[in-house]
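Peer 1: Have a look at the structure that comes next, please.
The values are calculated or read from the model by the stated rules, or taken from the named source; none is laboratory data. What you see is a predicted model, and the numbers here were worked out from it, not measured in a lab. Note that each Cβ is placed from the backbone with ideal geometry, even for glycine, and that neighbours are counted across all protein chains shown.
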Amino acid sequence: MDHHIEVFLKRLSYIALAIGTLTFLFLILEIPDTCVAPDSPPKPHLRFPKHSCDHHPRQHLPLHKKNKRLWSSATWQNQVRSFSHLFHSFYQIGLLHNHSKVLCVSAGAGHEVMALSHLGVDDVTGIELLDSPPLVSRADPHNLPFFDDVFDFGFSARLELALFPSRFAAEMERTVRPGGVCAVAVEECGDGEVKEIAGLFRNSRFLGAMNVTLTGLRMTRIIMRVKHSP
Ligand SMILES: *[C@@H]1O[C@H](CO)[C@@H](O)[C@H](O)[C@H]1NC(C)=O
Ligand SMILES: *[C@@H]1O[C@H](CO)[C@@H](O)[C@H](O)[C@H]1NC(C)=O
């Protein structure tokens, strides 16, 4: 019993940490509308104190240069390799194909999207609360902007960070077609927790779980097959 409470509290603190981090990211990434570019002509009715916007001069690197720098870093490449390794195992057991239509939910900066593209998957969609073009578009994992049954394979390595994990799982299931696969990677856990997580996918059948190392972390990957509607 105590163990359950401890696990619950631990989850709660992870969730709080995730919300805090996302809020912080939003705050630093959202440029206020009141910021006027230094070279734009002064508008008489728009006079703001200079220092509010000029405090941290932003380096305006074009997106493709920014991405080139990011994608050539060793950290990025190692993480992409790690995801490739995981997805390769899905190819080997016949759950993923080059012609699969794949959705990556809460895809962060897009490591898994790049890994899938490199493996040869033609059609990969990555979404996250904050977009990272061109790999990841902005969307709410709890309210996916896709029709039902449009993907063959749904993947997420961030189910645990979701505010509402059951809603998150339900949305993955809704957008993956019957007979398609939902796969998640979570912090390494035992059979009880695996069952709990698989249980979030109410309309799917548990296919299997395996402990893996993903991006240097010990994780458990759990696979479910979406059931055909009765
Ligand atoms: C998938 O596509 C890649 C790149 O086009 C190719 O190298 C690979 O052999 C393909 N894999 C399969 C299983 O067809
Ligand atoms: C994964 O590792 C945990 C221990 O951290 C263990 O309890 C569990 O049985 C392992 N799961 C699998 C599928 O091997």
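Peer 1: Looking only at region 169-210, how many residues end up being in contact with a Cys (Cβ under 9 Å, 6 or more places away or on another chain) and over 15 Å from residue 155 (Cα atoms)?
Peer 2: So the answer is 1.
Peer 1: Please specify each residue of region 221-230 satisfying the condition of being more than 19 Å from residue 86 (Cα to Cα) and among the β-branched types (Val, Ile, Thr).
Peer 2: Passing the criteria: only 226.
Peer 1: Give the number of residues within region 91-124 that are among the polar types (S, T, N, Q) and either within 19 Å of residue 64 (Cα to Cα) or modelled with pLDDT under 95 (or both).
Peer 2: The total comes to 1.
Peer 1: Please pick out the residue among 136, 150 that is of a type in the set (Val, Ile, Thr), surrounded by fewer than 21 Cβ atoms within 10 Å (Cβ to Cβ) and away from ligand 2 (no atom under 16 Å from the Cβ).
Peer 2: From the options 136, 150, the qualifying one is 150.
Matching residues to (1) in a helix (DSSP H, G or I); (2) among the charged types (D, E, K, R); (3) in contact with a helix residue (DSSP H, G or I) (Cβ under 7 Å, 6 or more places away or on another chain):
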| site | (1), (2), (3) |
| --- | --- |
| 112 | yes, yes, yes |
| 125 | no, no, no |
| 144 | no, no, yes |
| 148 | no, yes, yes |
| 172 | yes, no, no |
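Peer 1: Tell me which residues, restricted to region 195-215, are surrounded by fewer than 17 Cβ atoms within 10 Å (Cβ to Cβ) and touching a strand residue (DSSP E or B) at 6+ places or on another chain (Cβ under 9 Å).
Peer 2: 195, 199, 205, 206, 207, 208, 210, 211, 212, 213
Peer 1: With the requirement that a residue be part of a helix (DSSP H, G or I) and either touching a His at 6+ places or on another chain (Cβ under 7 Å) or free of Cβ contacts under 8 Å to residues at least 60 places away in the same chain (or both), what does region 153-167 give you?
Peer 2: If the condition is that a residue be part of a helix (DSSP H, G or I) and either touching a His at 6+ places or on another chain (Cβ under 7 Å) or free of Cβ contacts under 8 Å to residues at least 60 places away in the same chain (or both), then 159, 165, 166, 167 are the ones that fit.
Peer 1: Residue 107: away from ligand 1 (no atom under 16 Å from the Cβ), crowded, with 19+ Cβ neighbours inside 10 Å and either in a loop (DSSP other than H, G, I, E, B) or in contact (Cβ under 8 Å) with a residue 12 or more places away in the chain (or both), yes or no?
Peer 2: It is true that residue 107 is away from ligand 1 (no atom under 16 Å from the Cβ), crowded, with 19+ Cβ neighbours inside 10 Å and either in a loop (DSSP other than H, G, I, E, B) or in contact (Cβ under 8 Å) with a residue 12 or more places away in the chain (or both).
Peer 1: For the list (1) under 30 Å from residue 64 (Cβ atoms); (2) in contact (Cβ under 8 Å) with a residue 12 or more places away in the chain, I need the number of the one condition that residue 138 fails.
Peer 2: Only one criterion in (1) under 30 Å from residue 64 (Cβ atoms); (2) in contact (Cβ under 8 Å) with a residue 12 or more places away in the chain is unmet by residue 138, namely (2).
Peer 1: Separate question: Taking into account only those residues within region 216-230 that are assigned to a strand (DSSP E or B) and surrounded by fewer than 13 Cβ atoms within 10 Å (Cβ to Cβ), which is nearest to the chain's Cα centre (by Cα)? Please lay out each step first, then the result.
Peer 2: Within region 216-230, the subset assigned to a strand (DSSP E or B) is 217-226.
With the extra rule that they be surrounded by fewer than 13 Cβ atoms within 10 Å (Cβ to Cβ), the set shrinks to 217-218.
Details: 217: 16, 218: 18 Å.
Ranking the candidates gives 217 first.
Peer 1: Also: So residue 181 fits all but one of (1) within 25 Å of residue 80 (Cα to Cα); (2) more than 16 Å from ligand 2 (Cβ to nearest atom); (3) surrounded by fewer than 17 Cβ atoms within 10 Å (Cβ to Cβ); what number is the exception?
Peer 2: Condition not satisfied by residue 181: (3).
Peer 1: When only residues in region 188-220 that are more than 9 Å from ligand 2 (Cβ to nearest atom) and among the basic types (Lys, Arg) count, which is farthest from residue 80 (Cα to Cα)?
Peer 2: 202
Peer 1: Here are 194, 212, 184, 150: which of them is touching a residue at least 60 places away in the same chain (Cβ under 8 Å) and more than 16 Å from ligand 1 (Cβ to nearest atom)?
Peer 2: Numbers: 194 fails: touching a residue at least 60 places away in the same chain (Cβ under 8 Å); 184 fails: touching a residue at least 60 places away in the same chain (Cβ under 8 Å); 150 fails: touching a residue at least 60 places away in the same chain (Cβ under 8 Å).
Of 194, 212, 184, 150, the one residue that is touching a residue at least 60 places away in the same chain (Cβ under 8 Å) and more than 16 Å from ligand 1 (Cβ to nearest atom) is 212.
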